[in-house]
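The structure under discussion appears below in the form of structure tokens.
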Amino acid sequence: MSLAKIQSIPYGKEVIKIKNISLAFGGVKALTDVSFEVKKGEVFAIIGPNGAGKSSMLNVINGFYKPTSGQINFAGEDRKEMIPEFAAKSGIARTFQNIALFKGMSTLDNLMTGRLLKQKQNFLMQALYFGPVQKEEAYHRDKVERVIDFLDLQAIRRTPVGSLPYGLQKRVELGRALAMEPEILLLDEPMAGMNVEEKQDMSRFVLTANDEFKTTIVLIEHDMSVVMDISDRIVVLDYGKKIGEGKPSEILKNKAVIDAYLGVAD
Amino acid sequence: MIYKETGQFKSTYESDHSIFPLIQDKIAFNILMLVAFLVVPFFIDSYWEKAILIPFLIYSMAAIGLNILTGYCGQVSLGTGGFMAVGAFATYKIMTFFPELNIMIIVLLSGVITAFVGILFGLPSLRIKGFYLAVATLASQFFIIWLFNKVPWFYNYSDTGQITVSERTMFGVAVTGANAPPYATYLFCLILVVVLGFAAKNMIRSKIGRSWMAIRDMDIAAEIIGVPPLKTKLSAFAISSFYIGIAGSLYFAVYLGALEVTESFDIMAISFPVLFMIIIGGLGSMLGSFLGAAFIVLLPIFLKNVMVDLIGLSAVTAKHFEITIWGLLMVVFLILEPHGLARLWSIAKEKLRKWPFPY
Ligand SMILES: Nc1ncnc2c1ncn2[C@@H]1O[C@H](COP(=O)(O)OP(=O)(O)O)[C@@H](O)[C@H]1O
Ligand SMILES: [Mg+2]
């Protein structure tokens with residue numbers, strides 16, 4: 001089981017190695033020959049202008065897109081592509097740039113879906129809903145309640161998430177990912193469209209998840225001050241190509257990066 | 001302040017997750033059950049049986065089934081009539097082959113057979129969605145009805161093409177056939193609806209129900225948290241069809257006694273009315289399934305009383321009115337209150353909760 005393999009990798013060693021990944025949609029080259037490594041336990045940021053291929057990269061990592069060429073080395077094994085269900089079972093969770101919550105369900109139920117893979121009772125037992133099922137439900141409910149406390153979601157436990165304001169929806173989506181107790185958390189612009197205070201909250205949640213639960217974080221973010229603040233290492237994409245990689249201080253000095261991105265965007 | 005909930009704190013997650021978290025709801029439900037099981041059987045006559053209670057229970061069963069598929073899992077189906085026909089013919093054939101088998105087992109087996117047929121016809125849902133899926137289920141409806149008409153084996157080569165139930169007993173009392181007393185047919189249906197209703201509610205509040213709703217609300221995200229779309233959709237088709245098959249079985253064996261497939265299970269006779277029930281009652285609501293069924297049974301009776309007996313219109317005109325009213329209600333609910341009567345009820349409860357101090 002690859003979840004066990006990931007857990008056995010020591011902190012600071014590579015968990016994901018992206019090797020010469022290219023991805024094309026018809027004529028559009030979303031990614032061209034991109035390589036980088038994510039180390040266990042770090043906060044790893046992917047930055048770059050709009051359309052640079054950042055979201056596509058996350059989609060490749062959790063198997064939603066199949067790369068045209070290249071390999072993904074995951075937990076020590078080379079793969080041509082990932083498969084979403086396998087990625088989920090291996091402890092990869094993610095959030096989306098355009099929130100992908102279950103809008104008709106309450107916050108609580110959304111977070112409970114994050115536990116689905118860990119629930120083992122079959123549907124006949126669920127239909128009867130006695131002993132073991134009740135116990136299992138209560139066990140996972142307890143786990144979810146911890147996430148609710150951590151993210152301060154108590155007041156909206158029973159609210160259908162479709163009716164929540166944007167910032168809270170982003171937070172619930174993070175909650176659903178955290179409820180999976182992931183080894184690796186992929187966050188696609190978790191702070192987009194937030195005000196300064198909300199961004200600070202979100203940064204704190206991300207850092208705490210990284211600190212306390214030792215979750216490896218791969219983060220896409222546009223706000224440079226946030227990125228420089230919270231990430232250990234950064235890779236920079238532009239037009240689907242990697243144009244820089246390194247610690248925040250190194251990125252700030254990188255000529256190609258400044259020309260392509262930092263100078264223009266912010 | 002009738003629905004006062006302050007002070008009702010839950011100390012365990014088990015009790016917080018019970019079917020009736022509010023004590024008032026629990027009491028009301030228990031009273032309803034006491035009346036249904038201990039009072040109604042003593043007073044039920046054949047009018048209440050045939051015109052109100054049995055159709056209400058059978059439609060509730062079908063509505064629960066369709067609500068699982070459409071309301072909870074988001075897969076629109078117009079094949080309800082076809083699946084009910086499968087349940088009815090399964091019952092007929094099992095009765096023929098196993099004359100000694102207990103009627104309760106026959107009914108449940110019919111549900112299981114319909115579940116398998118449901119899986120078969122659910123396969124297209126892996127590729128197509130929404131409107132196109134609705135059309136595909138409509139095709140399966142036509143195919144099933146055609147099949148039961150075309151292959152004489154299904155109706156035991158009878159000249160009329162009709163199927164007719166034979167008498168079956170439970171504890172020495174007939175529950176099918178012409179001699180079944182109203183209280184027996186009623187209790188038989190009631191027990192099935194109550195037990196299977198609870199089973200449905202239990203599934204909805206646990207893992208499988210959350211998987212259905214996840215697929216309904218956002219299948220991409222569901223897949224990424226590890227919900228297998230294929231298995232989940234097919235499980236909804238199977239379990240939904242199980243309920244609908246049982247409804248069909250009861251419709252044939254307990255309610256009509258004899259039927260002809262086209263007339264009884266046509267889309268206008270079953271598929272659309274059951275879809276109306278869950279839309280008006282409430283998509284994705286157990287309570288809504290019952291409210292919708294009650295509504296569809298009571299509206300014609302109400303209209304007949306008012307328009308024919310009171311105002312003196314002809315029965316035909318009253319029927320036209322009924323159809324028009326249905327159409328109007330559908331449009332109104334779809335636009336104004338997509339969550340149906342169940343939502344109106346919970347709003348009313350919210351008001352009662354605060355009354356007489358609205359702030
Ligand atoms: N599913 C898709 N089909 C076609 N083109 C796509 C698809 N996803 C992404 N692209 C294209 O790939 C490029 C990179 O997109 P994306 O990864 O979303 O960039 P970013 O997240 O960096 O803004 C864009 O040109 C985009 O139009
Ligand atoms: Mg993006």
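Rule-based calculations on the coordinates, nothing more; no lab input. Just so it is clear, the structure is predicted and the values come from calculations on it, not from any experiment. When we count neighbours, we look across all protein chains shown, and the Cβ atoms used for this are built from the backbone with ideal geometry, even at glycine.
Evaluate the stretch A:66-81: report whether one residue or more is closer than 21 Å to B:LYS231 by Cα, more than 16 Å from ligand 2 (Cβ to nearest atom) and crowded, with 17+ Cβ neighbours inside 10 Å. I'd like the intermediate steps shown before the answer.
Here is the first cut: in the stretch A:66-81, the residues closer than 21 Å to B:LYS231 by Cα are none.
Checked the stretch A:66-81: no residue is closer than 21 Å to B:LYS231 by Cα, more than 16 Å from ligand 2 (Cβ to nearest atom) and crowded, with 17+ Cβ neighbours inside 10 Å.
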* Asked: Across the stretch A:178-193, what is the number of residues that are within 16 Å of ligand 2 (Cβ to nearest atom) and in a loop (DSSP other than H, G, I, E, B)?
  -> 5
* **Test for B:ALA199: is it within 14 Å of another protein chain (Cβ to nearest Cβ) and in contact with a Cys (Cβ under 6 Å, 6 or more places away or on another chain)** => no
* To do: Would you be able to say whether some residue in the stretch A:228-242 is away from ligand 2 (no atom under 14 Å from the Cβ), of a type in the set (Gly, Ala, Ser), touching a helix residue (DSSP H, G or I) at 6+ places or on another chain (Cβ under 9 Å) and more than 14 Å from chain B (Cβ to nearest Cβ)?
  => yes
* Asked: Do you know which residues across the stretch A:35-46 are within 15 Å of ligand 1 (Cβ to nearest atom) and either under 18 Å from A:LEU23 (Cβ atoms) or surrounded by fewer than 17 Cβ atoms within 10 Å (Cβ to Cβ) (or both)?
  -> A:PHE36, A:ILE46
* To do: Would you tally the residues in the stretch A:1-36 being closer than 20 Å to A:LEU186 by Cα, of a type in the set (A, V, I, L, M, F, W, C) and more than 18 Å from the chain's Cα centre (by Cα)?
  => 7
* To do: Among the residues of the stretch A:112-122, write down those that are outside any loop (DSSP other than H, G, I, E, B) and facing chain B (nearest Cβ under 7 Å).
  => A:MET112, A:THR113, A:LEU116, A:LEU117
* When you go through (1) farther than 15 Å from B:VAL274 by Cβ; (2) touching a Pro at 6+ places or on another chain (Cβ under 7 Å) one by one for B:ILE296, which number turns out not to apply? -> (1)
* Using the structure shown, decide if A:THR208 is away from ligand 2 (no atom under 16 Å from the Cβ), over 25 Å from A:ILE21 (Cβ atoms) and either in contact with a Leu (Cβ under 8 Å, 6 or more places away or on another chain) or hydroxyl-bearing (Ser, Thr, Tyr) (or both). => yes
* **Single match in B:LEU53, B:LEU78 (criterion: touching a helix residue (DSSP H, G or I) at 6+ places or on another chain (Cβ under 6 Å), assigned to a helix (DSSP H, G or I) and in contact (Cβ under 8 Å) with a residue 40 or more places away in the chain)** => B:LEU53
* Breaking point among (1) within 14 Å of chain A (Cβ to nearest Cβ); (2) surrounded by 24 or more Cβ atoms within 10 Å (Cβ to Cβ); (3) among the aliphatic types (A, V, I, L, M), for B:ALA221 -> (2)
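Quick one: in the stretch A:55-111, which of the residues that are in a strand (DSSP E or B) and within 11 Å of chain B (Cβ to nearest Cβ) is nearest to A:PRO165 (Cα to Cα)? So that I can check it myself, show each step before the final result.
First, pick out the residues of the stretch A:55-111 that are in a strand (DSSP E or B): A:69-74, A:77-79, A:92-95, A:106.
Narrowing further to those that are within 11 Å of chain B (Cβ to nearest Cβ): A:92-95, A:106.
Working: A:ILE92: 27, A:ALA93: 23, A:ARG94: 20, A:THR95: 17, A:SER106: 14 Å.
Among residues in the stretch A:55-111 that are in a strand (DSSP E or B) and within 11 Å of chain B (Cβ to nearest Cβ), the one nearest to A:PRO165 (Cα to Cα) is A:SER106.
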* Asked: Can you tell which of B:ALA214, B:ALA180, B:ALA184, B:ALA134 is closer than 18 Å to B:ALA238 by Cα, touching a helix residue (DSSP H, G or I) at 6+ places or on another chain (Cβ under 9 Å) and either among the small types (Gly, Ala, Ser) or not in a helix (DSSP H, G or I) (or both)?
  -> B:ALA214
